[in-house]
Amino acid sequence: MNEEFLNTLGSIIGTATPLVIASLGETITERAGVVNLSLDGSLALAAVTGFAAAWTAQEAGLLDLPAQIAVGIGAAMLVGALIALLVIFSSIKLRRDQVAVGFVLTLLAADLARFLGADYTRIPGPQITRFAIPVLEDIPVLGIVLFQQNLLVYFSYLLMFVIWFWLFRSKGGLALRAIGERPEAAYARGAPVQRLRYWYTFLGGALVGLAGAAYSLNVKPGWSSPPAMQGDGWIALAIVIFGGWHPFRVVLGAYLFAALRAISGYIQTNGLFIFGQEISFPFVLLNTLPWLLMIVTLLIVSGGLTERLLQYMPRAVQRRLRAFLRSDPPRALATRFEAE
Amino acid sequence: MKSPRALAIRLTFLILPIAISLAVAAALVIAVGRDPLEVVDALWKGAFKDTRKLGGVFNFWIPLTLVSIGLVVTFRAGLWNIGVEGQMMMGALFASWGAQYLLLPASLSPLLNVILIALAALGGMFWAFVVGLLKIRLGVNEIFGGVALNALVNVISIYLISGPWQPRIGGSAQGTEPFPTPALLPEYSPAFPVNLFMIALVIAAFVIVTIMLNATRWGLNLKAVGANMRSALLLGVATERASMSAFLVCGTLAGIAGSYRVLFTFDNLRPLASGGIGFLGLLVVLLLSMRLLWAPLIAFAFAAILTGSTRLQIAPSLKLDSSLAGVLQGMLVLFVILFHGVQEVFFPGTLEDEDDEQ
């Protein structure tokens, strides 16, 4: 396979990483029965905070690059986690609607990011450097695509497997799924529903914060207004649904979106040639593709249409396709649980 | 119920969230090294210095109140119409099409205005219909359908502005050419640049929707659907039709709001012409826990903050980003919601009767 193509695949994996991390974070939050709708604003505020923290550390000149990055990432994760805590606190302690609070927070965080980021607009700052994994990077094909990335990307691979293992192969994961499906039953069996919801929302929010830092310290370095990742939070939320709350499918969804974006970006700069013929049409319209894909994927997994289409297929295929496309939300998603 | 203690607590919980959000905003301003009092001064002057500025406040108030009224309707039916921003934009697109291609002499300008507003209403309704169809028939959650449709209409508008509708000279992505004068909504006077017909339309919409929500079977059905979809269905309410009608009413009002932006505020079509007013409408309605009565007043306060904030950037001693307006508004709504929770949990019995929804 030609090298340019492999490099492109590698860059898709790289640019998809913030989406992967954010979607995985939201996956564990929603598995616990909590919806954190603040993603779009959280990403922006975490991104600008992370960048500002890393930049300040750089200007102070006390730390070396890895430490500057660590400071930035830490600050971003804290921001994401605090916003998530606000969502879960207001739900559990104050009996507020998770969707309403999350929505207000997404707007508020986005404006806060713009306000606080005004002084950090378009200035260069520290960036996460590439780190090829020895030995693995020399594997043909896969080496270039997967293992000549930075540490955050490797972390995202690991995260996917850890979450999968935790969800489906561990005792703790059983409790996690239980509090998202049937909190009453989980409570009756002794699971501390509220405490677990706090923890998983906190953890999910911290990952969203990390994703924000992945933008401002790597994928879209620095800060600008409007922010480069605007809209990605909503896409991440849709990917969780598309992924059926399963870590592998969620990651697949994130890569699919990133690939589509890469293709449309490539066509917009280089034009489109089919059999040597240049095809011309308003390429701006290609920017609709991610959103059309969002609608289409939700259409596919959200019942209605798929069910009707499946009727026309042979029985054997029907069952398998249905199982593959299944996307049932955790039954207690976005609801409150009150212990007696 | 109306003991002095309950009254005192209610008053406290009215003032507390406002005081806290102002305090946090002030702290933020201090954190970036500016004087909060100067900010207040700039905001006030930016909004109320003279009748021209006041006109500017009304220019935000008109579209904001229209979408807020529409959103009360969708919230009543239990629907999160985040797509309202895109519905505004689609209204703006439809009005812009008419403004460029329906050429009528200046003498027929009022007629043309009405036609363009009607077109915009149709545009908003169309985009709301798509959200409704996705939600009701195809099971796509209205929040995600709305977000996607918002993005779609923005891409379409950028395509139109940089493509078919670009100015003959110096085409760019900045905006179309100014529309012909007969298409534009006239201002009352240069000293008070507001369109009175639109103000009348807002008042009419407010009265009609208030009556429809509270005194018709339709309003009752919406409430039943919003409270509990399943039992409403069992009671024989046509839930799908009720939900769809809520979307359509909101889309219509949002479309009209969009037409005001392009036919009055800007005089042409620009990218993101809806300017976040749809989202702000959601905040207004959340602040009021979905009650309609106070919507025009809260919308006025928000419009004043928005108008005043344009001065934050210009004032030489401030040079602050105008997003401070959004921060202040967002914080206000957040703290009102949170403190409503505190009151409900720790001081039950001091709340207004929940059924008393108007």
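So which residues in the range A:223-270 are away from every other protein chain (no Cβ under 11 Å) and touching a strand residue (DSSP E or B) at 6+ places or on another chain (Cβ under 8 Å)? A:Trp223, A:Ser224, listed by residue number.
Mind checking which helices (runs of 4 or more DSSP H) fall wholly inside the range B:205-288 and carry at least 1 residues that are modelled with pLDDT of 95 or more and touching a Pro at 6+ places or on another chain (Cβ under 9 Å)? Before the answer, list the steps.
On the way: elements: B:217-227, B:229-234, B:239-260, B:277-287.
Helices (runs of 4 or more DSSP H) meeting the threshold: B:239-260, B:277-287.
The single condition among (1) more than 14 Å from every other protein chain (Cβ to nearest Cβ); (2) buried (at least 16 other Cβ atoms within 10 Å of the Cβ) that A:Val141 does not satisfy is (2).
Annotation note: Cβ proximity below 6 Å between a residue of the range A:47-75 that is touching a residue at least 12 places away in the same chain (Cβ under 8 Å) and a residue that is part of a helix (DSSP H, G or I) and among the hydroxyl-bearing types (Ser, Thr, Tyr) (sequence gap 6+ or interchain) occurs for A:Ala47/A:Tyr215; A:Ala47/A:Ser216; A:Gly50/A:Ser216; A:Phe51/A:Ser216; A:Ala52/A:Tyr120; A:Ala75/A:Thr49. A:Arg169 passes every criterion in (1) surrounded by 17 or more Cβ atoms within 10 Å (Cβ to Cβ); (2) under 28 Å from A:Leu19 (Cβ atoms) apart from (1). Within the range A:329-337, at least one residue is more than 14 Å from chain B (Cβ to nearest Cβ), within 30 Å of A:Thr201 (Cα to Cα), loosely packed, with under 13 Cβ neighbours inside 10 Å and in contact (Cβ under 8 Å) with a residue 40 or more places away in the chain. In the range B:341-351, the residue that is nearest to the other protein chains (Cβ to nearest Cβ) out of those that are buried (at least 18 other Cβ atoms within 10 Å of the Cβ) and farther than 8 Å from A:Leu94 by Cα is B:Gln343.
Let's see how each residue does on (1) closer than 29 Å to B:Leu112 by Cα; (2) surrounded by fewer than 22 Cβ atoms within 10 Å (Cβ to Cβ); (3) charged (D, E, K, R):
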| site | (1), (2), (3) |
| --- | --- |
| B:Ala224 | no, yes, no |
| B:Thr252 | yes, no, no |
| B:Gly255 | yes, no, no |
| B:Leu287 | no, no, no |
| B:Gly308 | no, no, no |
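Residues in the range B:93-118 that are under 26 Å from B:Leu149 (Cβ atoms) and of a type in the set (Val, Ile, Thr): B:Ile115, B:Ile117.
For the range B:1-26, give me each residue that is of a type in the set (Gly, Ala, Ser), under 15 Å from B:Leu334 (Cβ atoms) and loosely packed, with under 15 Cβ neighbours inside 10 Å. I'd like the intermediate steps shown before the answer.
Residues of the range B:1-26 that are of a type in the set (Gly, Ala, Ser), as a first pass: B:3, B:6, B:8, B:19, B:21, B:23, B:25-26.
Checking which are under 15 Å from B:Leu334 (Cβ atoms) leaves us with B:19, B:21, B:23, B:25.
Selection gives B:Ala19, B:Ala23.
Can you tell me which residue is farthest from the other protein chains (Cβ to nearest Cβ) among those in the range A:94-127 that are in a helix (DSSP H, G or I) and among the small types (Gly, Ala, Ser)? Write out each step before concluding.
Restricting attention to the range A:94-127, the residues satisfying the condition of being in a helix (DSSP H, G or I) are A:98-120.
The next check asks that each one be among the small types (Gly, Ala, Ser); those that pass are A:100, A:102, A:109-110, A:113, A:117-118.
Values: A:Ala100: 6, A:Gly102: 10, A:Ala109: 8, A:Ala110: 8, A:Ala113: 8, A:Gly117: 8, A:Ala118: 4 Å.
Filtering the range A:94-127 for residues that are in a helix (DSSP H, G or I) and among the small types (Gly, Ala, Ser), the one farthest from the other protein chains (Cβ to nearest Cβ) comes out as A:Gly102.
Of the residues making up the range A:227-255, just one is touching a residue at least 24 places away in the same chain (Cβ under 8 Å), surrounded by fewer than 18 Cβ atoms within 10 Å (Cβ to Cβ) and over 17 Å from A:Ile163 (Cβ atoms), namely A:Gln230. Here B:Trp97 meets the list (1) within 14 Å of chain A (Cβ to nearest Cβ); (2) free of Cβ contacts under 8 Å to residues at least 60 places away in the same chain almost entirely, failing just condition (1). Per the listing A:Ser23, A:Ser91, the residue uniquely within 13 Å of another protein chain (Cβ to nearest Cβ), buried (at least 20 other Cβ atoms within 10 Å of the Cβ) and not acidic (Asp, Glu) is A:Ser91. Applying the selection to the range B:111-146, what residues are out of contact with any Gly (no Cβ under 9 Å at 6 or more places or on another chain), farther than 27 Å from A:Asp40 by Cα and in contact (Cβ under 8 Å) with a residue 24 or more places away in the chain? The one that is out of contact with any Gly (no Cβ under 9 Å at 6 or more places or on another chain), farther than 27 Å from A:Asp40 by Cα and in contact (Cβ under 8 Å) with a residue 24 or more places away in the chain: B:Asn113.
Looking at B:Ile82, B:Ile30, which one is on the phi < 0 side of the Ramachandran plot and outside any helix (DSSP H, G or I)? Result: B:Ile82 is the single residue among B:Ile82, B:Ile30 that is on the phi < 0 side of the Ramachandran plot and outside any helix (DSSP H, G or I). Can you pull out the residues in the range B:134-185 that are basic (Lys, Arg) and either within 14 Å of chain A (Cβ to nearest Cβ) or in contact with a strand residue (DSSP E or B) (Cβ under 6 Å, 6 or more places away or on another chain) (or both)? B:Lys135, B:Arg137 - these are the residues of the range B:134-185 that are basic (Lys, Arg) and either within 14 Å of chain A (Cβ to nearest Cβ) or in contact with a strand residue (DSSP E or B) (Cβ under 6 Å, 6 or more places away or on another chain) (or both). Is there any pair linking a residue in the range B:325-354 that is without any contact (Cβ under 8 Å) to a residue 24 or more places away in the chain to one that is part of a loop (DSSP other than H, G, I, E, B) and of a type outside the set (A, V, I, L, M, F, W, C), with Cβ under 8 Å and at least six apart or on different chains, and which? Partner pairs satisfying both residue conditions: B:Gly341/A:Lys93; B:Gly341/A:Arg95; B:Gly341/A:Arg96; B:Glu344/A:Arg95; B:Val345/A:Lys93; B:Val345/A:Arg95.
Kindly indicate whether B:Phe48 is surrounded by fewer than 19 Cβ atoms within 10 Å (Cβ to Cβ) and touching a helix residue (DSSP H, G or I) at 6+ places or on another chain (Cβ under 7 Å).
Working: surrounded by fewer than 19 Cβ atoms within 10 Å (Cβ to Cβ): yes; touching a helix residue (DSSP H, G or I) at 6+ places or on another chain (Cβ under 7 Å): yes.
So B:Phe48 fits the description; yes.
For the condition assigned to a helix (DSSP H, G or I) and without any contact (Cβ under 8 Å) to a residue 40 or more places away in the chain, A:Gly190 does not qualify. Filtering the range A:274-306 to residues that are in contact (Cβ under 8 Å) with a residue 24 or more places away in the chain and either more than 7 Å from chain B (Cβ to nearest Cβ) or in a helix (DSSP H, G or I) (or both) leaves A:Leu289, A:Pro290, A:Leu293, A:Met294, A:Thr297, A:Leu298, A:Ile300, A:Val301.
From B:Gly326, B:Gly258, B:Gly251, which residue is within 14 Å of chain A (Cβ to nearest Cβ), among the small types (Gly, Ala, Ser) and under 14 Å from the mean Cα position of the chain (by Cα)? Going through B:Gly326, B:Gly258, B:Gly251 in turn, just one is within 14 Å of chain A (Cβ to nearest Cβ), among the small types (Gly, Ala, Ser) and under 14 Å from the mean Cα position of the chain (by Cα): B:Gly326. Just one residue in the set B:Arg311, B:Arg291 is basic (Lys, Arg), in a loop (DSSP other than H, G, I, E, B) and more than 14 Å from chain A (Cβ to nearest Cβ); that residue is B:Arg291.
For the range B:293-316, give me each residue that is without any contact (Cβ under 8 Å) to a residue 40 or more places away in the chain and among the aromatic types (Phe, Trp, Tyr). Scanning the range B:293-316 gives a single hit, B:Trp294.
The values are calculated or read from the model by the stated rules, or taken from the named source; none is laboratory data. Note that this is a predicted model, so its numbers are computed, not measured. Methodologically, a virtual Cβ is constructed for each residue, glycine included, from the backbone with ideal geometry; neighbour enumeration extends over all protein chains shown.
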